[in-house]
Amino acid sequence: MLYKLYETQRSLMEPFSDLAHAASKAYANPLSIMGQNPFAQRISAGYDLLHRLGKDYEKPEFGLRTIEVDGVDVAIHERVELHKPFCDLRRFKRFTDDSRTLDRIKNHPAVLIVAPLSGHYATLLRDTVKTMLGDHKVYITDWKNARLVPLSEGEFHLDDYVNYVQEFIRHLQGIYGNCHVMSVCQPTVPVLAAVSLMASRGEKTPLSMTMMGGPIDARKSPTAVNNLAMNKSHSWFENNVIYRVPTNFPGAGRRVYPGFLQHTGFVAMNPSNHARSHYDYFTDLIKGDDASTEAHRKFYDEYNAVLDMDADYYLETIRVVFQDFSLVSGTWEIRNPKGKVELVRPQDITTTALMSVEGELDDISGSGQTQAVHDICTGVTGKRSTHFEVQGAGHYGIFSGRRWREHVYPRVKEFILANNAAPAVAKAASAATAATGLPAPGKPRSSKGKVAAAPAKYATAATKTVARKRTASAK
(Lines give C-alpha, C1' and ligand atoms only; values in the text may rest on other atoms or scores of the structure.)
Protein backbone atom coordinates (compact mmCIF):
# COMPACT_ATOMS: atom_id res chain seq x y z
CA MET A 1 0.00 0.00 0.00
CA LEU A 2 2.82 2.43 0.87
CA TYR A 3 4.40 1.97 -2.56
CA LYS A 4 1.08 2.74 -4.26
CA LEU A 5 0.60 5.85 -2.12
CA TYR A 6 4.11 7.03 -2.98
CA GLU A 7 3.53 6.53 -6.71
CA THR A 8 0.22 8.38 -6.50
CA GLN A 9 1.87 11.30 -4.71
CA ARG A 10 4.73 11.34 -7.22
CA SER A 11 2.31 11.35 -10.17
CA LEU A 12 0.37 14.25 -8.63
CA MET A 13 3.55 16.23 -8.00
CA GLU A 14 5.02 15.74 -11.48
CA PRO A 15 3.03 18.47 -13.30
CA PHE A 16 3.71 20.95 -10.49
CA SER A 17 7.40 20.17 -10.70
CA ASP A 18 7.34 20.77 -14.47
CA LEU A 19 5.45 24.01 -13.94
CA ALA A 20 8.01 25.18 -11.37
CA HIS A 21 10.78 24.43 -13.87
CA ALA A 22 9.07 26.54 -16.54
CA ALA A 23 8.44 29.38 -14.07
CA SER A 24 12.10 29.33 -13.02
CA LYS A 25 13.21 29.78 -16.63
CA ALA A 26 10.70 32.55 -17.21
CA TYR A 27 11.87 34.58 -14.20
CA ALA A 28 15.51 33.93 -15.11
CA ASN A 29 15.03 35.42 -18.60
CA PRO A 30 15.80 39.18 -18.42
CA LEU A 31 13.87 39.75 -21.68
CA SER A 32 10.58 38.42 -20.33
CA ILE A 33 8.05 40.50 -18.41
CA MET A 34 8.52 38.34 -15.31
CA GLY A 35 12.27 38.78 -15.60
CA GLN A 36 11.83 42.53 -15.04
CA ASN A 37 10.63 41.92 -11.49
CA PRO A 38 13.19 43.27 -8.96
CA PHE A 39 13.01 39.95 -7.10
CA ALA A 40 13.21 37.87 -10.29
CA GLN A 41 16.44 36.10 -9.36
CA ARG A 42 15.15 35.05 -5.96
CA ILE A 43 11.82 33.88 -7.37
CA SER A 44 13.62 31.95 -10.14
CA ALA A 45 15.94 30.31 -7.60
CA GLY A 46 12.97 29.33 -5.43
CA TYR A 47 11.13 27.73 -8.34
CA ASP A 48 14.29 25.93 -9.47
CA LEU A 49 14.78 24.45 -6.00
CA LEU A 50 11.10 23.44 -5.86
CA HIS A 51 11.47 21.72 -9.23
CA ARG A 52 14.50 19.73 -8.09
CA LEU A 53 12.85 18.69 -4.82
CA GLY A 54 9.75 17.43 -6.61
CA LYS A 55 11.13 15.89 -9.81
CA ASP A 56 11.62 12.19 -10.46
CA TYR A 57 15.27 11.18 -10.89
CA GLU A 58 15.94 8.59 -13.57
CA LYS A 59 19.03 6.44 -13.95
CA PRO A 60 21.95 8.72 -14.97
CA GLU A 61 24.34 7.98 -17.82
CA PHE A 62 28.04 7.29 -17.33
CA GLY A 63 28.62 9.90 -20.04
CA LEU A 64 32.26 8.96 -20.60
CA ARG A 65 33.13 9.96 -24.18
CA THR A 66 36.92 10.38 -24.10
CA ILE A 67 39.79 9.69 -21.73
CA GLU A 68 43.39 10.84 -21.77
CA VAL A 69 46.00 8.10 -22.01
CA ASP A 70 49.60 9.31 -21.84
CA GLY A 71 48.59 12.73 -23.16
CA VAL A 72 46.53 11.36 -26.05
CA ASP A 73 42.72 11.65 -26.20
CA VAL A 74 41.19 8.19 -26.56
CA ALA A 75 37.55 7.65 -27.56
CA ILE A 76 35.34 5.56 -25.25
CA HIS A 77 32.63 3.27 -26.59
CA GLU A 78 30.29 2.07 -23.85
CA ARG A 79 28.52 -1.18 -24.58
CA VAL A 80 26.82 -4.10 -22.86
CA GLU A 81 28.99 -7.20 -23.01
CA LEU A 82 26.64 -9.67 -21.29
CA HIS A 83 22.92 -9.46 -20.51
CA LYS A 84 21.51 -11.04 -17.36
CA PRO A 85 17.97 -10.65 -15.98
CA PHE A 86 19.11 -8.48 -13.06
CA CYS A 87 22.46 -7.16 -14.28
CA ASP A 88 24.40 -6.18 -17.40
CA LEU A 89 28.15 -6.53 -17.73
CA ARG A 90 29.12 -3.18 -19.21
CA ARG A 91 32.40 -2.55 -21.02
CA PHE A 92 34.15 0.73 -21.74
CA LYS A 93 36.14 -0.04 -24.86
CA ARG A 94 38.86 2.43 -25.85
CA PHE A 95 39.63 3.45 -29.45
CA THR A 96 42.50 5.48 -30.89
CA ASP A 97 44.25 5.91 -34.24
CA ASP A 98 47.57 6.69 -32.52
CA SER A 99 49.63 3.52 -33.02
CA ARG A 100 51.86 3.99 -29.96
CA THR A 101 48.92 4.60 -27.67
CA LEU A 102 47.10 1.62 -29.19
CA ASP A 103 50.06 -0.65 -28.42
CA ARG A 104 50.04 0.57 -24.81
CA ILE A 105 46.34 0.09 -24.15
CA LYS A 106 46.41 -3.40 -25.68
CA ASN A 107 48.74 -4.47 -22.89
CA HIS A 108 46.77 -2.87 -20.05
CA PRO A 109 45.34 -5.22 -17.39
CA ALA A 110 41.64 -6.13 -17.54
CA VAL A 111 39.68 -5.12 -14.43
CA LEU A 112 36.17 -6.11 -13.41
CA ILE A 113 34.66 -3.45 -11.14
CA VAL A 114 31.81 -4.90 -9.12
CA ALA A 115 29.49 -2.03 -8.25
CA PRO A 116 27.30 -2.10 -5.14
CA LEU A 117 23.68 -3.20 -5.29
CA SER A 118 22.59 -1.20 -2.27
CA GLY A 119 20.32 1.56 -3.49
CA HIS A 120 22.24 3.59 -6.07
CA TYR A 121 23.09 2.77 -9.67
CA ALA A 122 26.53 1.74 -10.89
CA THR A 123 27.00 5.29 -12.21
CA LEU A 124 27.87 6.22 -8.62
CA LEU A 125 31.31 4.84 -9.57
CA ARG A 126 31.68 7.11 -12.60
CA ASP A 127 34.83 8.74 -11.19
CA THR A 128 36.24 5.31 -10.35
CA VAL A 129 35.70 4.09 -13.91
CA LYS A 130 37.01 7.29 -15.49
CA THR A 131 40.24 7.17 -13.49
CA MET A 132 40.79 3.45 -14.04
CA LEU A 133 40.35 3.78 -17.81
CA GLY A 134 43.67 5.60 -18.11
CA ASP A 135 45.61 2.42 -17.36
CA HIS A 136 43.17 -0.51 -17.52
CA LYS A 137 40.57 -2.30 -19.62
CA VAL A 138 37.47 -1.65 -17.56
CA TYR A 139 34.26 -3.65 -17.12
CA ILE A 140 31.55 -2.93 -14.54
CA THR A 141 28.46 -4.67 -13.19
CA ASP A 142 25.43 -2.52 -14.03
CA TRP A 143 22.66 -3.70 -11.70
CA LYS A 144 19.07 -3.27 -12.88
CA ASN A 145 16.15 -1.70 -11.07
CA ALA A 146 14.12 -4.66 -9.77
CA ARG A 147 10.82 -2.90 -10.49
CA LEU A 148 11.70 -3.08 -14.19
CA VAL A 149 12.37 -6.84 -14.16
CA PRO A 150 9.23 -8.88 -14.98
CA LEU A 151 8.20 -11.67 -12.62
CA SER A 152 8.73 -14.10 -15.49
CA GLU A 153 12.51 -13.63 -15.03
CA GLY A 154 12.29 -15.39 -11.68
CA GLU A 155 13.66 -14.50 -8.27
CA PHE A 156 17.01 -12.97 -7.39
CA HIS A 157 18.91 -14.19 -4.34
CA LEU A 158 22.29 -13.44 -2.82
CA ASP A 159 23.43 -16.77 -4.27
CA ASP A 160 22.53 -15.46 -7.75
CA TYR A 161 24.66 -12.36 -7.12
CA VAL A 162 27.64 -14.60 -6.31
CA ASN A 163 27.00 -16.74 -9.38
CA TYR A 164 26.77 -13.65 -11.61
CA VAL A 165 30.18 -12.48 -10.39
CA GLN A 166 31.74 -15.86 -11.15
CA GLU A 167 30.25 -15.86 -14.64
CA PHE A 168 31.59 -12.37 -15.34
CA ILE A 169 35.06 -13.35 -14.09
CA ARG A 170 35.09 -16.41 -16.35
CA HIS A 171 33.98 -14.27 -19.28
CA LEU A 172 36.98 -11.96 -18.86
CA GLN A 173 39.28 -14.92 -18.34
CA GLY A 174 38.02 -16.39 -21.61
CA ILE A 175 39.00 -13.19 -23.43
CA TYR A 176 42.23 -12.13 -21.68
CA GLY A 177 43.44 -15.28 -19.94
CA ASN A 178 42.81 -13.71 -16.54
CA CYS A 179 41.70 -10.48 -14.92
CA HIS A 180 41.66 -8.39 -11.74
CA VAL A 181 38.58 -7.72 -9.60
CA MET A 182 37.71 -4.55 -7.69
CA SER A 183 34.71 -4.41 -5.34
CA VAL A 184 33.36 -1.27 -3.70
CA CYS A 185 31.33 -1.39 -0.47
CA GLN A 186 28.56 -4.02 -0.38
CA PRO A 187 29.97 -6.39 -3.08
CA THR A 188 33.16 -7.09 -1.13
CA VAL A 189 31.28 -9.95 0.59
CA PRO A 190 29.77 -11.70 -2.48
CA VAL A 191 32.96 -11.12 -4.51
CA LEU A 192 35.05 -12.82 -1.83
CA ALA A 193 32.53 -15.67 -1.80
CA ALA A 194 32.69 -16.00 -5.60
CA VAL A 195 36.49 -16.20 -5.70
CA SER A 196 36.54 -18.54 -2.70
CA LEU A 197 34.21 -21.00 -4.43
CA MET A 198 36.30 -20.88 -7.61
CA ALA A 199 39.43 -21.58 -5.57
CA SER A 200 37.80 -24.47 -3.72
CA ARG A 201 36.86 -26.11 -7.03
CA GLY A 202 40.36 -25.71 -8.39
CA GLU A 203 39.33 -23.13 -10.98
CA LYS A 204 41.57 -20.33 -12.12
CA THR A 205 41.01 -17.35 -9.83
CA PRO A 206 41.59 -13.65 -10.61
CA LEU A 207 45.13 -12.31 -10.40
CA SER A 208 44.11 -9.84 -7.69
CA MET A 209 41.18 -8.62 -5.58
CA THR A 210 40.89 -5.01 -4.40
CA MET A 211 38.29 -4.63 -1.66
CA MET A 212 37.20 -1.11 -0.76
CA GLY A 213 35.09 -0.03 2.21
CA GLY A 214 33.05 -3.21 2.60
CA PRO A 215 31.45 -5.06 5.56
CA ILE A 216 33.56 -8.20 5.52
CA ASP A 217 33.20 -8.37 9.31
CA ALA A 218 30.41 -5.99 10.36
CA ARG A 219 31.07 -6.71 14.04
CA LYS A 220 34.12 -4.45 13.99
CA SER A 221 33.49 -0.74 14.73
CA PRO A 222 29.75 -0.99 13.91
CA THR A 223 28.23 2.12 12.32
CA ALA A 224 24.65 3.40 12.42
CA VAL A 225 23.94 1.35 9.29
CA ASN A 226 25.33 -1.80 10.93
CA ASN A 227 23.44 -1.21 14.18
CA LEU A 228 20.11 -0.93 12.40
CA ALA A 229 20.69 -4.21 10.59
CA MET A 230 21.93 -5.95 13.74
CA ASN A 231 19.31 -4.71 16.20
CA LYS A 232 16.18 -5.31 14.13
CA SER A 233 14.93 -8.85 13.57
CA HIS A 234 14.70 -10.47 10.16
CA SER A 235 10.90 -10.43 10.42
CA TRP A 236 10.94 -6.69 11.20
CA PHE A 237 12.65 -5.94 7.90
CA GLU A 238 10.27 -8.21 6.00
CA ASN A 239 7.19 -6.62 7.57
CA ASN A 240 8.29 -2.97 7.44
CA VAL A 241 10.41 -2.32 4.34
CA ILE A 242 9.28 -4.90 1.78
CA TYR A 243 6.50 -3.97 -0.66
CA ARG A 244 5.17 -5.15 -4.00
CA VAL A 245 5.82 -3.17 -7.18
CA PRO A 246 2.66 -1.34 -8.43
CA THR A 247 0.97 -2.32 -11.66
CA ASN A 248 2.38 0.56 -13.75
CA PHE A 249 5.87 -1.02 -13.91
CA PRO A 250 7.16 -4.08 -15.83
CA GLY A 251 8.02 -5.79 -12.53
CA ALA A 252 4.48 -5.44 -11.18
CA GLY A 253 3.91 -7.75 -8.22
CA ARG A 254 7.59 -8.32 -7.45
CA ARG A 255 8.53 -8.03 -3.78
CA VAL A 256 11.17 -5.32 -3.38
CA TYR A 257 12.88 -2.98 -0.96
CA PRO A 258 11.77 0.26 -2.69
CA GLY A 259 14.29 2.87 -3.71
CA PHE A 260 12.31 5.74 -2.19
CA LEU A 261 12.57 4.11 1.25
CA GLN A 262 16.31 3.69 0.82
CA HIS A 263 16.66 7.32 -0.24
CA THR A 264 14.73 8.41 2.85
CA GLY A 265 17.20 6.43 4.95
CA PHE A 266 20.19 8.01 3.20
CA VAL A 267 18.89 11.53 3.85
CA ALA A 268 17.93 10.71 7.45
CA MET A 269 21.56 9.87 8.25
CA ASN A 270 22.64 13.51 7.71
CA PRO A 271 19.51 15.68 7.35
CA SER A 272 21.21 18.92 8.41
CA ASN A 273 23.95 18.48 5.80
CA HIS A 274 21.39 18.04 3.02
CA ALA A 275 19.32 21.03 4.21
CA ARG A 276 22.45 23.19 4.24
CA SER A 277 23.46 21.96 0.80
CA HIS A 278 20.08 22.89 -0.68
CA TYR A 279 20.15 26.31 0.97
CA ASP A 280 23.63 26.91 -0.44
CA TYR A 281 22.30 25.91 -3.86
CA PHE A 282 19.52 28.50 -3.49
CA THR A 283 21.98 31.28 -2.58
CA ASP A 284 24.40 30.27 -5.34
CA LEU A 285 21.57 30.59 -7.88
CA ILE A 286 20.87 34.10 -6.64
CA LYS A 287 24.55 35.03 -6.84
CA GLY A 288 24.89 33.50 -10.30
CA ASP A 289 27.60 31.06 -9.21
CA ASP A 290 27.24 28.67 -12.14
CA ALA A 291 30.13 26.40 -11.14
CA SER A 292 28.74 25.70 -7.65
CA THR A 293 25.17 25.20 -8.84
CA GLU A 294 26.28 22.77 -11.56
CA ALA A 295 28.33 20.80 -9.02
CA HIS A 296 25.24 20.58 -6.80
CA ARG A 297 23.07 19.37 -9.68
CA LYS A 298 25.55 16.69 -10.71
CA PHE A 299 25.87 15.35 -7.18
CA TYR A 300 22.14 15.22 -6.43
CA ASP A 301 21.23 13.90 -9.89
CA GLU A 302 23.28 10.88 -8.88
CA TYR A 303 22.41 10.79 -5.18
CA ASN A 304 18.65 11.03 -5.74
CA ALA A 305 18.56 8.34 -8.44
CA VAL A 306 17.80 5.11 -6.59
CA LEU A 307 16.67 1.64 -7.58
CA ASP A 308 14.48 -1.05 -6.02
CA MET A 309 16.22 -4.18 -4.75
CA ASP A 310 14.67 -7.64 -4.96
CA ALA A 311 13.35 -8.60 -1.52
CA ASP A 312 14.98 -12.04 -1.40
CA TYR A 313 18.41 -10.60 -2.13
CA TYR A 314 18.03 -7.76 0.36
CA LEU A 315 16.74 -9.91 3.24
CA GLU A 316 19.41 -12.57 2.69
CA THR A 317 22.12 -9.90 2.70
CA ILE A 318 20.85 -8.57 6.03
CA ARG A 319 20.88 -12.06 7.53
CA VAL A 320 24.18 -13.32 6.08
CA VAL A 321 26.28 -10.16 6.45
CA PHE A 322 24.87 -8.27 9.43
CA GLN A 323 23.12 -10.83 11.63
CA ASP A 324 24.69 -14.28 11.23
CA PHE A 325 28.13 -13.03 10.06
CA SER A 326 28.23 -16.20 7.99
CA LEU A 327 31.32 -15.30 5.96
CA VAL A 328 33.69 -14.76 8.89
CA SER A 329 32.05 -17.57 10.87
CA GLY A 330 32.74 -20.07 8.08
CA THR A 331 29.08 -21.18 7.87
CA TRP A 332 27.99 -19.58 4.60
CA GLU A 333 26.69 -22.06 2.03
CA ILE A 334 25.80 -21.05 -1.53
CA ARG A 335 23.78 -22.88 -4.15
CA ASN A 336 25.47 -22.89 -7.55
CA PRO A 337 23.56 -22.76 -10.89
CA LYS A 338 23.50 -26.57 -10.98
CA GLY A 339 21.71 -26.70 -7.63
CA LYS A 340 24.67 -27.96 -5.61
CA VAL A 341 25.28 -26.37 -2.20
CA GLU A 342 28.91 -25.33 -1.57
CA LEU A 343 30.61 -23.99 1.55
CA VAL A 344 32.43 -20.67 1.20
CA ARG A 345 36.07 -21.19 2.25
CA PRO A 346 38.18 -18.01 1.84
CA GLN A 347 41.21 -19.89 3.18
CA ASP A 348 41.30 -21.84 -0.11
CA ILE A 349 42.36 -18.73 -2.04
CA THR A 350 46.10 -18.98 -2.66
CA THR A 351 46.86 -17.57 -6.11
CA THR A 352 44.97 -14.26 -5.89
CA ALA A 353 46.67 -11.19 -4.44
CA LEU A 354 44.58 -9.24 -1.94
CA MET A 355 44.34 -5.53 -1.18
CA SER A 356 41.92 -3.87 1.26
CA VAL A 357 41.18 -0.13 1.37
CA GLU A 358 39.43 1.74 4.18
CA GLY A 359 38.61 5.38 4.83
CA GLU A 360 39.63 6.81 8.18
CA LEU A 361 36.26 8.60 8.56
CA ASP A 362 34.03 6.00 6.90
CA ASP A 363 30.57 6.10 8.52
CA ILE A 364 29.15 3.25 6.38
CA SER A 365 31.74 0.49 6.84
CA GLY A 366 33.59 1.09 10.10
CA SER A 367 37.30 0.81 10.75
CA GLY A 368 38.60 -2.76 10.51
CA GLN A 369 35.57 -4.20 8.72
CA THR A 370 37.32 -4.45 5.34
CA GLN A 371 40.76 -5.19 6.75
CA ALA A 372 39.25 -8.31 8.35
CA VAL A 373 39.46 -9.96 4.92
CA HIS A 374 43.13 -10.69 5.60
CA ASP A 375 42.27 -12.66 8.74
CA ILE A 376 40.12 -15.16 6.84
CA CYS A 377 42.16 -15.33 3.60
CA THR A 378 45.00 -17.16 5.31
CA GLY A 379 46.28 -18.60 2.04
CA VAL A 380 47.34 -15.14 0.78
CA THR A 381 50.48 -14.00 2.56
CA GLY A 382 53.52 -11.74 2.30
CA LYS A 383 53.66 -8.90 -0.21
CA ARG A 384 50.60 -10.23 -1.97
CA SER A 385 48.43 -9.21 0.98
CA THR A 386 48.25 -5.48 1.73
CA HIS A 387 46.04 -2.93 3.48
CA PHE A 388 45.72 0.83 2.94
CA GLU A 389 43.89 3.30 5.18
CA VAL A 390 43.07 6.64 3.55
CA GLN A 391 43.59 9.44 6.03
CA GLY A 392 40.79 12.00 6.19
CA ALA A 393 38.57 10.08 3.75
CA GLY A 394 34.95 9.16 4.31
CA HIS A 395 33.11 6.36 2.56
CA TYR A 396 32.77 8.05 -0.84
CA GLY A 397 36.26 9.53 -0.67
CA ILE A 398 37.95 6.17 -1.15
CA PHE A 399 36.48 5.68 -4.63
CA SER A 400 35.49 9.16 -5.82
CA GLY A 401 36.94 12.66 -5.70
CA ARG A 402 40.35 14.12 -5.04
CA ARG A 403 41.48 11.63 -2.40
CA TRP A 404 40.58 8.72 -4.66
CA ARG A 405 42.48 10.17 -7.61
CA GLU A 406 45.53 11.43 -5.73
CA HIS A 407 45.99 8.90 -2.92
CA VAL A 408 44.00 5.70 -3.47
CA TYR A 409 44.27 5.16 -7.21
CA PRO A 410 48.11 5.31 -7.39
CA ARG A 411 48.25 2.55 -4.74
CA VAL A 412 45.61 0.46 -6.50
CA LYS A 413 47.31 0.90 -9.87
CA GLU A 414 50.66 -0.14 -8.41
CA PHE A 415 49.10 -3.17 -6.70
CA ILE A 416 47.38 -4.39 -9.88
CA LEU A 417 50.51 -3.90 -11.98
CA ALA A 418 52.67 -5.75 -9.44
CA ASN A 419 50.32 -8.74 -9.60
CA ASN A 420 49.51 -8.72 -13.29
CA ALA A 421 51.50 -11.90 -13.94
CA ALA A 422 50.46 -15.35 -12.73
CA PRO A 423 52.08 -16.10 -9.34
CA ALA A 424 55.16 -18.31 -9.30
CA VAL A 425 53.42 -20.98 -7.22
CA ALA A 426 50.78 -21.40 -9.91
CA LYS A 427 53.42 -21.66 -12.64
CA ALA A 428 55.38 -24.20 -10.63
CA ALA A 429 52.23 -26.22 -10.00
CA SER A 430 51.39 -26.21 -13.71
CA ALA A 431 54.91 -27.37 -14.55
CA ALA A 432 54.70 -30.16 -11.98
CA THR A 433 51.35 -31.27 -13.37
CA ALA A 434 52.71 -31.40 -16.92
CA ALA A 435 55.80 -33.35 -15.85
CA THR A 436 54.23 -35.89 -13.50
CA GLY A 437 50.58 -36.02 -14.44
CA LEU A 438 49.71 -35.36 -10.79
CA PRO A 439 47.15 -32.69 -9.92
CA ALA A 440 48.26 -29.25 -8.76
CA PRO A 441 47.69 -28.42 -5.07
CA GLY A 442 43.99 -27.94 -4.38
CA LYS A 443 43.03 -29.41 -7.79
CA PRO A 444 40.16 -31.92 -7.46
CA ARG A 445 40.45 -35.39 -8.93
CA SER A 446 37.82 -37.09 -11.00
CA SER A 447 36.52 -40.52 -10.10
CA LYS A 448 39.01 -42.10 -12.50
CA GLY A 449 42.01 -40.51 -10.87
CA LYS A 450 42.54 -37.88 -13.55
CA VAL A 451 42.62 -34.17 -12.92
CA ALA A 452 39.05 -32.87 -12.95
CA ALA A 453 38.36 -30.08 -15.41
CA ALA A 454 36.49 -27.80 -13.04
CA PRO A 455 36.56 -24.68 -15.22
CA ALA A 456 34.94 -26.51 -18.15
CA LYS A 457 32.23 -27.84 -15.87
CA TYR A 458 31.22 -24.36 -14.84
CA ALA A 459 32.05 -22.55 -18.07
CA THR A 460 29.44 -20.10 -19.32
CA ALA A 461 28.00 -20.01 -22.78
CA ALA A 462 29.79 -16.71 -23.38
CA THR A 463 33.16 -18.20 -22.48
CA LYS A 464 32.55 -21.22 -24.71
CA THR A 465 31.67 -18.87 -27.58
CA VAL A 466 34.99 -17.04 -27.15
CA ALA A 467 36.84 -20.36 -27.14
CA ARG A 468 35.13 -21.44 -30.36
CA LYS A 469 36.02 -18.13 -32.03
CA ARG A 470 39.65 -18.52 -31.02
CA THR A 471 39.73 -22.08 -32.37
CA ALA A 472 38.20 -20.96 -35.64
CA SER A 473 40.70 -18.11 -36.03
CA ALA A 474 43.57 -20.49 -35.32
CA LYS A 475 42.36 -22.75 -38.07
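The values are calculated or read from the model by the stated rules, or taken from the named source; none is laboratory data. Just so it is clear, the model here is predicted, and its values are computed rather than measured. Heads up, the Cβs are rebuilt from the backbone with ideal geometry, glycines too, and the neighbour counts pull from every protein chain shown.
Each row is one residue, and each column tells you yes or no for (1) farther than 28 Å from K106 by Cα; (2) surrounded by fewer than 19 Cβ atoms within 10 Å (Cβ to Cβ); (3) assigned by TED's automatic domain parsing to the domain that holds D160.
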{"site": "G202", "(1), (2), (3)": "yes, no, yes"}
{"site": "P206", "(1), (2), (3)": "no, no, yes"}
{"site": "P215", "(1), (2), (3)": "yes, no, yes"}
{"site": "K220", "(1), (2), (3)": "yes, yes, yes"}
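Condition test on Y164, is it within 14 Å of the chain's Cα centre (by Cα), of a type outside the set (K, R) and either in a loop (DSSP other than H, G, I, E, B) or under 19 Å from V69 (Cα atoms) (or both)? No: the conditions fail for Y164. Residues being without any contact (Cβ under 8 Å) to a residue 12 or more places away in the chain, of a type in the set (D, E, K, R) and within 15 Å of L124 (Cα to Cα): count how many of those fall in the range 294-323. Selection size over the range 294-323: 1. Only a single item in (1) in contact with an Asp or Glu (Cβ under 7 Å, 6 or more places away or on another chain); (2) surrounded by fewer than 21 Cβ atoms within 10 Å (Cβ to Cβ) is not met by Y176, and it is number (1).
The residue of the range 56-92 that is nearest to A295 (Cα to Cα), among those that are of a type in the set (K, R) and free of Cβ contacts under 8 Å to residues at least 40 places away in the same chain, is R65.
Residue by residue, here is whether (1) hydroxyl-bearing (S, T, Y); (2) surrounded by 13 or more Cβ atoms within 10 Å (Cβ to Cβ); (3) assigned to a helix (DSSP H, G or I) holds:
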| position | (1), (2), (3) |
| --- | --- |
| S17 | yes, yes, yes |
| H21 | no, yes, yes |
| S32 | yes, yes, no |
| S44 | yes, yes, yes |
| L50 | no, yes, yes |
| L53 | no, yes, yes |
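Once the range 143-161 is narrowed to residues that are out of contact with any Pro (no Cβ under 7 Å at 6 or more places or on another chain) and assigned to a helix (DSSP H, G or I), the residue that is nearest to E342 (Cα to Cα) is D159. When the strands (runs of 3 or more DSSP E) confined to the range 333-448 are screened for residues that are at pLDDT 95 or above, within 28 Å of M269 (Cα to Cα) and of a type outside the set (S, T, N, Q), those reaching at least 1 such residues are found at 353-359, 385-390. In this entry, T123 passes the filter for residues that are surrounded by fewer than 23 Cβ atoms within 10 Å (Cβ to Cβ), in contact (Cβ under 8 Å) with a residue 24 or more places away in the chain and touching a helix residue (DSSP H, G or I) at 6+ places or on another chain (Cβ under 7 Å).
Does the range 399-418 include one or more residues that are farther than 15 Å from E358 by Cα and surrounded by 18 or more Cβ atoms within 10 Å (Cβ to Cβ)? Within the range 399-418, one or more residues are farther than 15 Å from E358 by Cα and surrounded by 18 or more Cβ atoms within 10 Å (Cβ to Cβ).
To keep it simple, each residue is scored yes or no on (1) under 18 Å from the mean Cα position of the chain (by Cα); (2) under 30 Å from A194 (Cβ atoms).
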site	(1), (2)
Y281	no, no
K287	no, no
A291	no, no
R297	no, no
V306	yes, yes
R319	no, yes
V328	no, yes
R335	no, yes
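Could you tell me which residue of the range 132-187 is farthest from M309 (Cα to Cα), considering only residues that are hydroxyl-bearing (S, T, Y) and out of contact with any Ser or Thr (no Cβ under 9 Å at 6 or more places or on another chain)? This residue is Y176.
Within the range 110-129, restricting attention to residues that are assigned to a loop (DSSP other than H, G, I, E, B) and under 10 Å from the mean Cα position of the chain (by Cα), the residue that is nearest to F86 (Cα to Cα) is L117.
Per-residue answers, yes or no, for (1) touching a Ser or Thr at 6+ places or on another chain (Cβ under 7 Å); (2) outside any loop (DSSP other than H, G, I, E, B):
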{"residue": "P250", "(1), (2)": "no, no"}
{"residue": "H274", "(1), (2)": "no, yes"}
{"residue": "Y281", "(1), (2)": "yes, yes"}
{"residue": "I286", "(1), (2)": "no, yes"}
{"residue": "D312", "(1), (2)": "no, yes"}
{"residue": "L315", "(1), (2)": "no, yes"}
{"residue": "F322", "(1), (2)": "no, yes"}
{"residue": "V328", "(1), (2)": "no, yes"}
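Filtered by the rule that a residue be under 24 Å from the mean Cα position of the chain (by Cα) and either outside any helix (DSSP H, G or I) or among the acidic types (D, E) (or both), the range 252-272 gives R254, R255, V256, Y257, P258, N270.
Residue under question is N231, and the condition is that it be free of Cβ contacts under 8 Å to residues at least 12 places away in the same chain, in the same structural domain as D127 (by TED's automatic domain parsing) and either over 23 Å from the mean Cα position of the chain (by Cα) or surrounded by 13 or more Cβ atoms within 10 Å (Cβ to Cβ) (or both); does it hold? Yes: the conditions hold for N231. In the range 357-371, the residues that are more than 11 Å from A393 (Cα to Cα) and touching a residue at least 12 places away in the same chain (Cβ under 8 Å) form Cβ pairs under 9 Å with partners that are acidic (D, E) and in a loop (DSSP other than H, G, I, E, B), at six or more places apart or across chains, as follows: S367/E360; G368/D217; Q369/D217; Q369/D362; T370/D217; T370/D362; Q371/D217.
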